[in-house]
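The values are calculated or read from the model by the stated rules, or taken from the named source; none is laboratory data. The structure presented is a predicted model; accordingly, all values stated were derived computationally and were not measured. Note: ideal-geometry Cβ built from the backbone for every residue, glycine included; neighbour counts use all protein chains shown. Just so you know, the surface numbers come from the protein's heavy atoms only, side chains and all, with ligands and any DNA or RNA stripped out. Shrake-Rupley method; radii C 1.70, N 1.55, O 1.52, S 1.80 Å.
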Amino acid sequence: MQNFSPDLLEFESLRRLIGRYVRGPLGKDELEKLAPNSDRAALENALADVAEAIAYLDASHQPQAAGRGAAIRVHFDAIPDVSLALPLLRIEGAALEAQQILDLTRLLEQAGEIRSVLNVAAPKYARLASHSAALADPRAMLRELRGKILPDASIADDASVALNRLRRDIERQQKQIQVSLERFLRTHRDDGTLQEEFITLRNDRFVVPVVAGQQRKVYGVIHGASGSGHTLFVEPLETIDLNNELVRLREEELREVHRILRELTELLRAHAAEIQATVEALARLELLFAKAEFARDFDCTIPRFSPESARRLILRQARHPLLEDVLRRQKKPIVPISLELDEALRTLLISGPNTGGKTVSMKTTGLLALMAQAALPVPASDAEFPVFEQVLADIGDQQSIQESLSSFSAHIAHVREMLLAVTPQSLVLLDELGRATDPEEGGALGVSILESFRSNGAFTLASTHLVALKVYGATTQGVVNASMGFDEQTLDPTYLLRLGAPGKSAGLEIASRLGLSPELIERARQRMSGQERDVARFLAELHQRLDRLAQTEAELRRQTEALAAREQSVAKESERREAVKFKEMEERLQAALAEFEAESQATIRKIQESAEQRKAAEQAGLRVAKAKREFEQKARASVFGGTSADKPPLVIQEGVRVRLKGVREPARVRRKLPGDLLEVDAGLMKMQVSVEDVEEVLPATPESARLPKNVSFESGPKWDVSYREINVIGQRAEEACQNVDKFLDTASMASVDRVRIVHGHGMGILRRAIAELLATNPHVEKFYPAPPSEGGTGATVVELK
C-alpha cells in the first residue's frame with residue numbers, strides 16, 4: 001500500500017503509542033513489521049483475531065466459572081530475548097552459552113504455559129487457540145534441559161557424572177591446599193615473615209602475603225605484589241604441586257562444561273525449526289494482545305471493509321488516538337467527528353475557522369484508514385472503509401529554502417505528484433487547497449484540482465477558506481460541504497464537524513479574540529467588499545439556524561426518550577399490579593381448597609367405623625382428591641385464563657416408572673386394578689391410585705436401559721471423607737486446572753467444607769493458574785496458603801461455601 005507523506009499522518013507516532021502495550025522483545029520486533037496493506041482477506045482475518053483477543057481480555061477481567069473455555073490472562077513480559085541465540089542454532093557445530101540456553105529454556109517454558117492456557121479456552125476462543133497450535137509442545141525438550149543450568153546461568157553439578165566427580169575432586173584439592181597453607185602460616189607466625197595471616201588468590205593460585213624483603217626466608221614462587229609494594233604474594237614450594245593439580249582439574253572441568261553446552265546445543269538444534277516457529281507465534285500473539293489492550297484502553301471498534309460494488313467511508317464518534325493521548329494527560333476531553341461518504345458522494349469539502357479542527361478531522365480520517373489496513377482497531381464507535389490502494393496526503397507547508405520552493409510551489413508540486421498517482425482506490429487528503437496565492441486564482445485552481453480527483457473516482461477530503469470552493473461544494477453533485485463549529489458568543493471554535501453547510505472562516509473574530517484592537521478589526525470590516533460581507537452574514541445566519549435546529553432535534557430526542565422511559569415505567573407498574581392481583585387470587589384459591597380438603601377429610605373420618613365403611617372411605621377419598629383436582633383446574637382456568645391443550649392418553653404398563661400428582665418421588669406400577677385403579681410402590685409405601693393421578697410415564701432408569709455401544713453409566717459422585725486433598729505436582733497447568741475443577745465439584749456435592757490442594761513450589765506456574773481458577777470458582781468461599789505444618793506455600797487451603 002502506497003502512502004504519500006506518511007509522516008504527515010503520524011503512523012510512526014502511532015506505532016510508538018501501541019508499543020507501550022508491548023512488553024517483550026519478540027512483540028517489539030513484530031510491531032516494527034506492522035504496516036498497512038491492501039489484502040482484504042488477510043485484513044479481515046487479522047481483525048477477527050483482534051476482536052477475539054479483545055473479547056478474551058474482557059472475559060479475563062470478569063469473574064467467570066473455571067473449566068473449559070475460561071479466559072486466563074496470559075503474560076509475555078517474562079519472555080527473554082533470544083535474537084542472538086537463534087542464528088547460532090542454524091550454524092552447525094556452534095555452541096550456545098549457558099545464558100543463551102537458559103533463555104531458550106525459559107522461552108519454551110513460557111510458550112508451554114501460554115499454549116496450555118489458550119488450549120483450555122479453545123471452546124470459546126478458537127482463533128486464539130489456532131495461534132497457540134503453532135507453539136511447540138516443549139515437554140520433551142524441557143525434560144532434557146531442566147536442571148542442567150541453574151538460574152544464575154552456571155552449569156549444575158549433576159549435569160553429568162563426570163562434572164560431578166570433577167567438582168568433588170576440586171573441592172578436595174582446595175581443602176588440601178588450604179590445610180597446607182594453614183600449616184605454613186602457623187610455622188611462620190612469629191618469625192616476621194608474614195605481612196598478615198590469611199590466604200588469597202593470585203593468577204588462580206592460592207598464595208600467602210609475605211613482607212617485602214623477607215621472601216628469601218620462604219621457598220616458593222612470587223605471583224605479584226600489593227599496590228604499595230610492601231607485600232609480596234608467594235606460593236610456598238610445598239603447595240606448588242597441589243596448585244598444579246587444582247589447575248589441571250579446573251581445565252578438565254571447563255572442557256566438561258563445554259562438552260555439556262555442546263550437547264545441550266545439539267539437543268536444541270534438533271528442534272530448531274519448532275523453536276523458530278514458536279518464537280514467531282509468540283511474537284504474533286504478543287502483538288495481537290497488545291492491539292487488544294490498546295483497543296480496550298482507547299475504546300476502539302473493529303473496522304469493517306465495504307464491498308467493492310458499494311464502497312462507503314463511515315466514521316461515527318471517531319477520535320485521533322495521538323490527540324486523545326495528549327488530551328488525556330492534560331485531563332481534557334476530546335471532541336469526536338462523524339462523517340459518511342459513498343459512491344454517490346465521494347468528496348467532502350471542510351471549511352470553518354482557523355484552529356477549528358479542519359486539519360485534525362482530515363488527519364483523523366487518514367490515520368484511521370491506515371490503522372484499519374494495518375489490522376488495528378480504530379478509536380470510534382463505528383467505522384467502515386473501502387480497501388484503499390494508497391493514501392495521498394498534502395498537509396502542512398512543504399516550503400524548502402534548499403530546493404528554492406515557496407509554500408505555493410511546494411504545495412503545487414506535491415499536488416501534481418498526487419494527480420499522477422491517483423486511482424479510483426485512493427484516499428486523497430488536501431489541506432488548505434489553493435492556499436498561498438491570489439484567492440480568486442487559488443479558488444479556480446482548487447476547483448479544477450478537486451474536479452480532477454472526483455472524476456478519477458477517488459474518495460477526497462479537502463479543507464479551504466476560499467468562497468469559490470464553498471460555492472463549488474454547494475452546487476456540484478457528488479460533493480458535500482462540511483463546517484467546523486464556531487461559538488459566536490465566546491468566539492471560540494467548538495471542533496464539531498457538521499455536514500451539509502459550508503463554514504464561516506471567522507478570521508476577524510479570531511483575530512479579535514487573539515488581542516487585536518477593536519478599532520483595527522472595525523477598519524478591516526469596512527474594507528471588506530459588499531459581497532464578502534453578505535456571504536459572511538449569510539453563513540453566520542445559516543449556522544445560527546442550524547444550531548437552533550440541532551437544539552430542537554436534541555430537545556425532541558430528549559422528550560422522546562423521556563416518553564419511552566415513562567411508558568416503560570407504566571408498563572412495569574401495570575405488571576406489578578397484575579402480579580399482586582394474581583397472587584391474591586392464588587392465596588384465595590388455596591384457602592378455598594384447604595377448607596374443602598378439611599371438610600372432606602372430616603366427613604370421611606366419620607364413616608371410617610367398619611371395614612366396609614373404611615373401604616367406602618378410601619373410595620370416597622379418591623373421589624374427593626379427584627374432585628379437588630378438577631375444581632382446582634377449573635378455578636385456575638377461570639381465574640388465570642386459558643386451558644392446557646389436550647394431552648395424548650398415557651400408555652401405562654406393569655413395571656413402568658410414573659410420576660404422580662402431589663407425590664415428589666417417582667413410583668413404580670405393580671399391577672392394574674379394576675376401575676381405572678393402579679397399585680404402585682412409591683418409596684417405602686404401597687398405595688392405590690387412579691389412572692388420572694398419573695402425570696407422566698418416566699423413561700427407563702439408566703441401570704435398566706440398554707446402553708449404546710461405547711457408552712457407560714456412572715452413578716453420582718462418591719466422596720471419601722478421610723481423603724480431602726488433591727496432589728497436582730508434575731501436571732501441566734491445563735491438566736491440573738481440569739482435575740482441581742472436578743475435585744471441587746465433587747467436594748461441594750459431598751458437603752465438604754475444607755480441602756487442600758498440593759501444587760509444590762517450582763516456578764509458581766501451577767500456583768498462579770490454580771489461584772486464578774479458585775478466584776472465579778462458584779464453590780469457593782476463600783483460599784489461602786497452607787500453614788507450614790501442611791506444606792506452606794507449596795499447598796493451598798480452600799474453604800468451600
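Some values worked out for this structure:
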read-out: Subset of the range 756-787 that is small (Gly, Ala, Ser) and closer than 18 Å to residue 106 by Cβ - its residue that is surrounded by the most Cβ atoms within 10 Å (Cβ to Cβ); value: 769
read-out: Residue 135 touching a Lys or Arg at 6+ places or on another chain (Cβ under 8 Å), in a loop (DSSP other than H, G, I, E, B), at negative phi and not acidic (Asp, Glu); value: yes
read-out: The one condition in (1) at positive phi; (2) touching a residue at least 60 places away in the same chain (Cβ under 8 Å) that residue 224 fails to fulfil; value: (2)
read-out: Subset of the range 76-85 (residues that are surrounded by 16 or more Cβ atoms within 10 Å (Cβ to Cβ) and touching a residue at least 24 places away in the same chain (Cβ under 8 Å)); value: 76, 79, 80, 82
read-out: Residue within the range 364-371 that is buried (at least 23 other Cβ atoms within 10 Å of the Cβ), of a type in the set (Val, Ile, Thr) and in a helix (DSSP H, G or I) present; value: yes
read-out: Residues located in the range 157-170, provided they are open to solvent by 80 Å² or more (accessible area, probe 1.4 Å) and under 30 Å from residue 210 (Cβ atoms); value: none
read-out: Check on residue 173, in contact with a strand residue (DSSP E or B) (Cβ under 8 Å, 6 or more places away or on another chain) and not in a strand (DSSP E or B); value: no
read-out: Qualifying position, being out of contact with any Cys (no Cβ under 9 Å at 6 or more places or on another chain) and assigned to a loop (DSSP other than H, G, I, E, B), among 189, 167; value: 189
read-out: Any hit, the range 309-316, residues being small (Gly, Ala, Ser), buried (at least 22 other Cβ atoms within 10 Å of the Cβ) and not in a strand (DSSP E or B); value: no
read-out: Meets criteria (assigned to a loop (DSSP other than H, G, I, E, B), closer than 27 Å to residue 304 by Cα and touching an Asp or Glu at 6+ places or on another chain (Cβ under 7 Å)) for residue 82; value: no
read-out: Residue, farthest from residue 295 (Cα to Cα), within the range 340-363, restricted to residues that are assigned to a strand (DSSP E or B) and of a type in the set (Ser, Thr, Tyr); value: 351
read-out: Check on residue 408, at pLDDT 90 or above and at negative phi; value: no
read-out: Sole exception among (1) open to solvent by 40 Å² or more (accessible area, probe 1.4 Å); (2) farther than 30 Å from residue 115 by Cβ; (3) assigned to a helix (DSSP H, G or I) for residue 221, by number; value: (3)
read-out: Count of the range 320-346 residues which are in contact with a strand residue (DSSP E or B) (Cβ under 8 Å, 6 or more places away or on another chain) and among the basic types (Lys, Arg); value: 1
read-out: Test: residue 655 is open to solvent by less than 100 Å² (accessible area, probe 1.4 Å), at positive phi and at pLDDT 60 or above; value: yes
read-out: Tally of residues being at pLDDT 75 or above, within 30 Å of residue 170 (Cβ to Cβ) and surrounded by 12 or more Cβ atoms within 10 Å (Cβ to Cβ) across the range 201-218; value: 7
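For (1) among the hydrophobic types (A, V, I, L, M, F, W, C); (2) touching a helix residue (DSSP H, G or I) at 6+ places or on another chain (Cβ under 7 Å); (3) modelled with pLDDT under 90, each residue gets a yes or a no:
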{"site": "429", "(1), (2), (3)": "yes, yes, no"}
{"site": "432", "(1), (2), (3)": "no, no, yes"}
{"site": "436", "(1), (2), (3)": "yes, yes, yes"}
{"site": "459", "(1), (2), (3)": "yes, no, no"}
{"site": "467", "(1), (2), (3)": "yes, yes, yes"}
{"site": "471", "(1), (2), (3)": "yes, no, yes"}
